[in-house]
Amino acid sequence: MKYRIDYQLTHDIDWFAVVCGIPIHVASNGNILPNEVDSKINRQIQKRLAEIHLDTCDVSIGQEVTNVLGKSGDLDFYLETFVEYASMGFVSIDSHKVLNERGSIDFRPVIVAYPSNRNKLIVPEAIGIHLPILQNEQHKSQFQSQLNLSNLW
Amino acid sequence: MSRNFSYRIIINRQSPTVIVKEKCQYIRRRVNRIKNHSTIYDYPSCAVGCRRIKSNELFIETSRAHTDYSRTPALKTALENLGIIGTVSYGNRIGWCAEPNAARSVIISFSCGLNQLCFTETIRPRTLEKIAYCKNCKNVFKL
Ligand SMILES: [Zn+2]
């Protein structure tokens, strides 16, 4: 089942997937979710991650975070949920809103936090629920080339 | 699943934006309480406070779809000047922002005009960062 479109547009949903072999957590920030994300499965993953006790790992903060946050925000509050998921072994990504020249909003993925050691990436089997694999070429290229995921380490 | 977070609060000396941030912290705790079998899994995208000028009653609302604006005809007309409510204008759906939702509550309570409203900063509950008013809200509320 898909999240209703009105729900997606008015909520900041934590969603989980694998892209190019790397497990990611994304804060949707009102952006549309990829087709591969199923609401029922995503909620199971959210609950499961809250329930199970995973070993936590050291986390690095993305280079762009300070540019994105600007002066208005409190860094600790901003980082909190992203660091939480990164310490479980996800590359944790925010959907940053950018005003385009037409005066409307584009979303740009920004890496906020990630495991410092590549070997600490979560093994999807540890969750016991299959993470959706992003197949769509547009999403793959968005996350892979814009974020340069595999060159993080 | 989500729940509608609506508040009506008497403000004393605190800054209204600080109160909105406090409520956002409460929302954060509720979302995180999945751990204790809460049914709230997702953060609303944004929250804002609105009050009638010189009033100390602050109404806080979050982004929400399908609000019925029939009880606030002036607001409804101003929104419809942008396009049909619920359709996209400047990348946002008309009438789904936190601002018109909060404005609606104030207008219903005080029967005041659109030019008598004042807003707090709009806050993203997940991160407590300030969000810029969208072009639609700037248009409707002359922000
Ligand atoms: Zn708006």
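Just so it is clear, none of the values below were taken in a lab; they were calculated from the coordinates. Not measured: the values here are computed from a predicted model. Every residue, glycine as well, gets a Cβ built from its backbone with ideal geometry; the counts of neighbours run over all protein chains shown.
Numbers below:
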| read-out | value |
| --- | --- |
| Label point 7 Å beyond Cα of A:Ile52 along Cβ direction - residues of the range A:109-137 with amide nitrogen under 20 Å | A:114-134 |
| Beta bridges per DSSP with both ends in the range A:5-148, % antiparallel, nearest 5 | 75 percent |
| Kirkwood hydrodynamic radius of the range B:6-141, Cα pairs, Å | 15.2 Å |
| Calculated FRET efficiency for the pair A:Arg4/A:Ile129, C-beta based, R₀ 25 Å, to 0.05 | 0.70 |
| Residue pairs, from the table A:Lys97/B:Lys142; A:Lys140/B:Lys21; A:Lys120/B:Lys130; A:Lys120/A:Lys140; B:Lys54/B:Lys138, whose Cα atoms sit over 30 Å apart | A:Lys140/B:Lys21; A:Lys120/B:Lys130 |
| Fraction of antiparallel bridges per DSSP, the protein assembly as shown only, in percent to nearest 5 | 90 percent |
| Expected 222 nm ellipticity per residue - DSSP helices of 4 or more, -39500 (n - 2.57), all of the protein assembly as shown, to 500 | -8500 deg cm²/dmol |
| Convex hull volume per residue in cubic angstrom - Cα atoms of the range A:13-153 | 116 Å³ |
| Contour minus Cα-Cα distance for B:Glu22 and B:Ile10 (0.36 nm per residue) | 2.9 nm |
| Gained length - A:Gln138 relative to A:Glu80, 0.36 nm times residue gap less alpha-carbon distance | 18.0 nm |
| Between 0 and 90°, nearest 10: helix B:98-110 axis offset from chain B longest Cα axis | 70 degrees |
| Residue exposure sequence - B:Thr120, B:Thr127 - by fewest surrounding Cβ within 10 Å | B:Thr120, B:Thr127 |
| Gyration tensor over alpha-carbon atoms, the protein assembly as shown, equivalent ellipsoid semi-axes in Å | 35, 20, 18 |
| Packing-based exposure ordering (other Cβ within 10 Å, fewest first) of B:Ser15, B:Ser105 | B:Ser15, B:Ser105 |
| For chain A: relative contact order, % (alpha-carbon pairs under 8 angstrom, 6 or more apart) | 29 percent |
| Cβ-Cβ FRET estimate between A:Asn117 and B:Phe110, R0 fixed at 41 Å, reported to 0.05 | 0.10 |
| Inter-label distance for A:Cys20 and B:Lys138, nm, one decimal - labels placed 7 Å from Cα along Cα-to-Cβ | 3.5 nm |
| Those trypsin sites (Lys or Arg not before Pro) in the range B:70-143 that DSSP places in a loop and that have at most 13 other beta carbons within 10 Å | B:Arg71, B:Lys142 |
